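Undergrad: The structure that follows is given in the form of structure tokens.
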Amino acid sequence: MYLYNSLSHKKELFVPNDPNLVKMYTCGPTVYHYAHIGNLRTYIMEDVLEKSLRYLGYPVKRVMNITDVGHLASDADTGEDKMLKGARREHKTVMEIAKFYTDAFFSDCDKLNIKRPDVVEPATNCIDEYIHMVQTLLDKGSAYIAGGNVYFDTATLDKYYVFNDHDEEDLAVGVREGVEEDLNKKNKNDFVLWFTKSKFEDQALKWDSPWGVGYPGWHIECSCISMKHLGEELDIHAGGIDNAFPHHTNEIAQSESYLGHKWCNYWFHVHHLNNETGKMSKSKGEFLTVSLLEEKGYDPMAYRLFCLQSHYRRNLVFSWENLDNAAQAYEKLVARIAALKEEGEIDQAAFDQLKQRFVGALNGDLNTSVAVTTLYDVLKAKCNDATKLAALRDFDQVLSLNLLSAAETLRKKQAEEEAASADPEIDALVAARTEAKKAKNFAEADRIRDELKARGIEIIDTPQGAKWRKV
Ligand code: AMP
Ligand code: ZN
């Protein structure tokens with residue numbers, strides 16, 4: 001499989017450290033509010049990556065954190081703790097907020113067929129691990145204490161901007177949108193590993209540490225949680241593109257300084273879902289959730305298809321019109337699948353040919369839009385329905401669009417509708433009209449049609465015979 005690696009800025013052949021276990025880490029949600037559909041785009045694409053790896057024969061262990069502490073309003077370590085802000089907004093405790101929005105997140109994931117990672121670890125579970133890593137960084141001279149906080153010293157690194165040759169001035173923490181400069185920092189890119197009460201008096205969750213009562217920085221969470229469950233070498237680290245800087249840049253700085261060797265080989269970044277006003281974000285207040293889409297009558301699968309139709313490395317623009325198009329495409333796809341009959345033997349050669357195209361799409365940097373078009377190739381293929389159904393079932397292990405179950409539901413609904421509208425008297429009249437036509441008694445056939453019309457029944461002549469419906 002070829003994957004674009006943000007670290008090398010190239011598509012690279014994916015070679016895990018151990019082909020018997022791919023170690024994958026994904027940044028989890030900050031649970032101070034509902035996840036918006038932009039966040040969920042990232043989780044859908046990460047889900048497809050994990051399922052593709054499994055489909056291609058790699059066992060995967062995937063770990064994700066739940067950020068329930070330490071993520072401040074600005075990614076640059078300033079402003080209020082997002083969790084505290086959420087708690088205040090809802091007059092609840094931070095842990096109540098965390099529980100409520102963690103459950104809400106997984107309920108959204110279930111609706112979108114996003115598989116739960118093998119390990120899900122709330123950040124507040126790993127305080128000892130953070131303290132250990134921060135202490136080691138201090139011992140190694142990679143960190144320093146100033147104004148009561150512990151900071152990572154970026155001057156100790158050979159290279160800080162690992163993902164990009166960023167213009168230092170553009171990205172300098174001190175000049176990012178309205179962020180005040182932290183005068184404790186020796187270098188503008190230094191970041192907090194451990195906050196103490198000296199900085200945020202009203203922080204709700206605090207723990208004892210060798211540097212005073214306080215709480216961890218956001219970045220340290222992911223390094224420690226990943227190492228706790230996946231060890232010192234990671235194959236893939238995934239997240240939204242906004243996480244590349246400063247979050248992932250800082251994760252690499254502290255992890256590699258701690259370990260003394262390279263930490264993660266492949267960095268997978270999903271680009272943003274934007275709306276007309278720009279990036280969809282929780283902090284902007286108004287945002288779209290899966291529940292809102294459902295309230296408006298959309299099947300969550302339509303949103304999943306909408307995401308799969310575009311490549312993860314392109315920004316995706318959300319509009320109701322675009323979602324409508326995806327919803328219609330989904331309905332049509334399901335209707336075509338519902339018309340297939342589970343008959344005949346699977347034609348293995350035809351199946352393999354279709355599968356080859358599907359695998360080719362996944363192998364080419366997770367090209368889900370091409371993978372989706374292979375569904376139409378299947379429907380058009382010159383093979384029997386049993387082979388088509390087998391291919392669709394197989395591909396849906398990765399795409400997770402409920403293709404076969406939705407088709408089954410549709411078939412049942414159609415059968416129920418037919419049964420509900422059954423009327424032996426009308427069936428008899430329709431049959432009599434057919435007989436009259438066969439006997440070339442067109443006057444009688446027309447009379448019956450007019451009689452039915454007067455009763456609000458329309459006859460439809462189809463290749464399978466005459467059918468009727470109420471108008
Ligand atoms: P958060 O809950 O803010 O920590 O974000 C959870 C995940 O969603 C992270 O991987 C972010 O990078 C990602 N994310 C945030 N905004 C967007 C967006 N508009 N489109 C896609 N992914 C996003
Ligand atoms: Zn993270």
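Undergrad: Test of the criteria: in the stretch 262-353, which GluC sites (Glu not before Pro) are in a DSSP loop and have at most 13 other Cβ atoms within 10 angstrom of their Cβ?
TA: E276, E286, E342, E343, E345
Undergrad: Here's another thing I want to ask about it. Relative contact order, percent, of the stretch 363-471 when contacts are C-alpha pairs under 8 Å separated by at least 6 residues?
TA: Computed value for the stretch 363-471: 12 percent relative contact order.
Undergrad: Computed over the Cα atoms, what is the radius of gyration of the chain divided by 2.2 N^0.38 Å, N being its residue count?
TA: Relative to the rule-of-thumb radius for its length, the chain sits at 1.25.
Undergrad: Provide the gained length on full extension for the span D18 to K355, in nm with one decimal, where the gain is 0.36 nm per separating residue minus the Cα-Cα distance.
TA: 118.8 nm
Undergrad: At what distance in angstrom do the alpha carbon centres of the stretch 225-242 and the stretch 1-37 lie from each other?
TA: Value for the Cα centre distance between the two parts: 8 Å.
Undergrad: Distance cut-off 20 Å, Cα to Cα: go down the list K61/K159; K188/K262; K61/K228; K332/K388; K61/K115 and report the pairs above it.
TA: K61/K159; K188/K262
Undergrad: In whole Å, how far is the Cα centre of the stretch 408-471 from that of the stretch 262-319?
TA: 47 Å
Undergrad: Near K453, which lysines are there with a Cα under 29 Å away, not counting those fewer than 8 places off in the same chain?
TA: Candidates past the 8-residue exclusion: K412, K413, K437, K438, K440, K467, K470.
Undergrad: Same structure, new question: Using mean Cβ contacts within 10 Å as the protection proxy, how do 12-23, 103-114 order, highest first?
TA: 103-114, 12-23
Undergrad: What does the convex hull of the alpha-carbon atoms of the stretch 256-373 project to on average, in nm²?
TA: 12.2 nm²
Undergrad: Moving to a separate point now. Would you mind calculating the relative contact order of the chain from Cα pairs under 8 angstrom and at least 6 residues apart, reporting the percent as a whole number?
TA: For the chain, the relative contact order is 16 percent.
Undergrad: To the nearest 0.05, what FRET efficiency results for N187 and K140 with a Förster distance of 25 Å applied to their C-beta separation?
TA: According to the calculation, E is roughly 0.90.
Readers should treat all values here as calculations from the given coordinates under stated rules, not as data from a laboratory. Note that the structure is a prediction, hence the values are computed from the model and not measured. Here the Cβ is made from the backbone with ideal geometry for all residues, glycine too, and neighbour counts use every protein chain on show.
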